[in-house]
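I have placed the structure first, in the form of structure tokens, so that the comments after it can refer back to it.
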Amino acid sequence: MKIKFILPALEEAKSPFWRPIKYSLFPPLGLATLASLCDESDEIEIVDEHIQEVILDDEPDLVCIETYITNSHRAYKIADHYRSNGIKVAIGGVHATSMPTEAKMHADTVLIGLGESSFPKFLKDLREGKELDYYNQGAVSFDYLPLPRRDLIKSEKYLVPNSMVFSRGCPNRCSFCYISSFYKGGKSFYTYKIDRILEEIDSMKGRHLYFLDDNLFADKKLSRELFREMKGMNKFFQGAITVDSVLDDDTIELAYEAGFRSAFIGFESINQDNIRLTNKRSNLVDNYRRAIKRLDQLGIMINGSFIFGLDKDNLDVFDRTTQWAINSGITTATNHILTPYPGTALFEKMKEEGRILTEEWKLYDTRHLVFSHPKISKEQMEVGYKRAYNNFYKWGNIIKSSSEHEHLKMKLKHFTYAGAWKKFEPVWNFIIKNEQLSKTRSALVKTLK
């Protein structure tokens, strides 16, 4: 069977905010994982529209499309095209799981939740001509999961081809989190066994690695075992953690010894009342500075994630948050306008209260205000969001934030990383256009060291 896996471009990848380097970071690992579950005799192709054009005049037997909320419009357009030519289409992913009835209007089959168990069953049924309209994930086990088909990925087109996960989901239940809708009503956290994790790490060449897990320290026992095994591998890696996981015990020290050099942390808000509203009990504002200081002393950079538009925010939230991040020595900032994704508790609450302004999914990109805020207008929110980014990445503020670190090595690392990431856009565009990303990986490793 000829199977084509497609990741349609996110809407923001076609917007004025388009940054080619941002959408050339990681390959579509989920599709590569599903590809590993196909038969050896199947002819398989993986297409990521962020790095290549989707050819639509071919004739595969099956097209499998991964959806996120802001690529759903494009996903449905591609699906409709193939179905009009009599080609079977299956749609899965976070958005299809949140809105399965909507997705079914554009697909022969909708795969709900994790596909590791349901996808092989779907393929078997399809070959026998008795496929169902919907497949739920059912019981999931990663004990015998094969390695992703990285041979099908155009690795030279990504800055970080060595990305992987060793867990799925998150034990936390933040009300705004898109991931929570994916695991709604069932188990929300799964892990691989240590041998399987090490096998995947060993399968990838190079010294740089990015763990895409929602929370790298969610299973402390597993994480600690992994870090002990990685010590001495001469790898440098990045990943997402929480504030409390930095302060709990010495796991962060074990991670550093294993090569952990850059942490993505969802601070979300510097207003404690906002934190309580989101059910994000793990991050307490009083602990932020302690965690930042501990990471700084170790030599771990921070990519801080912040949300604008929580109900306790006022018009000063943009400038206060930006200044706090600068004064705290945050290396890079990832800002978002609060977005009530369908399937989340936040969306249901706002829908019930009549606060949802639009269900045009293209606008659910965390850059637009799609609900009624009690204190900030749509225009004020979107202008403030842009201003926060612009101010944080001014050269003067990059220099000031770099100076907040205790040691010269961290000052230089911060300045180099933040400056290169945001201030040399034409250079990144040239590198990507000329397919030279692979040659920049050694520079990334040197910065992280």
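Computed from the coordinates by the stated procedures, all read-outs in this text should not be read as laboratory data. Bear in mind the structure is a predicted one, so any value in this text is a computation, not a measurement. No Cβ is skipped: glycine too gets one built from the backbone with ideal geometry, and neighbour counts run over all protein chains shown.
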If contacts are Cα pairs under 8 angstrom and at least 6 residues apart, what is the relative contact order of the chain in percent? 14
Taking the Cα centre of the range 2-136 as origin, sum charge times position over the Cβ atoms of Lys and Arg (+1) and Asp and Glu (-1), and report the length of that vector in debye to the nearest 20. 420
Could you give the distance between the Cα centres of the range 47-67 and the range 340-401, to the whole Å? 31
Please express the shape of the range 2-136 as an equivalent ellipsoid: the semi-axes are the square roots of 5 times the eigenvalues of the C-alpha gyration tensor, given largest first in whole angstrom. 23, 16, 15
Label zone at Asn314 (point 7 Å along Cα-to-Cβ), backbone N below 20 Å, the range 353-391: 373-385, 387-388
Quote the FRET efficiency, to the nearest 0.05, computed for Glu382 versus Asp202 with a Förster distance R0 of 30 Å and r equal to the Cβ-Cβ distance. 0.05
For every helix of n ≥ 4 consecutive DSSP H residues, a contribution of -39,500 (n - 2.57) applies; sum these over the chain, divide by its total residues, and give [θ] at 222 nm rounded to the nearest 500 deg cm²/dmol. -11500 deg cm²/dmol
Would you please give the residues with an amide H less than 5 Å from that of Val89, counting only those at least 5 places away or on a separate chain, with H modeled from the backbone geometry? Val63, Asp108, Thr109
Within the range 99-137, list the GluC sites (Glu not before Pro) lying in a DSSP loop whose Cβ has at most 16 other Cβ atoms in a 10 Å radius. Glu128
What's the Kirkwood radius of the chain in Å, using all Cα pairs? 22.9
Above 17 angstrom, tally the Cα pairs of the range 355-449 and express them as a % of all pairs, no decimals. 66
Based on the alpha-carbon gyration tensor of the range 276-419, what equivalent-ellipsoid semi-axes (square roots of 5 times the eigenvalues) come out, in whole Å, largest first? 31, 17, 12
Could you tell me which chymotrypsin sites (Phe, Trp or Tyr not before Pro) in the range 379-449 are loop residues by DSSP with no more than 16 other beta carbons within 10 angstrom of their beta carbon? Phe424
Place a point 7 Å from the Cα of Leu147 along the Cα-to-Cβ direction; which residues of the range 205-239 have their backbone N under 14 Å from it? 205-206
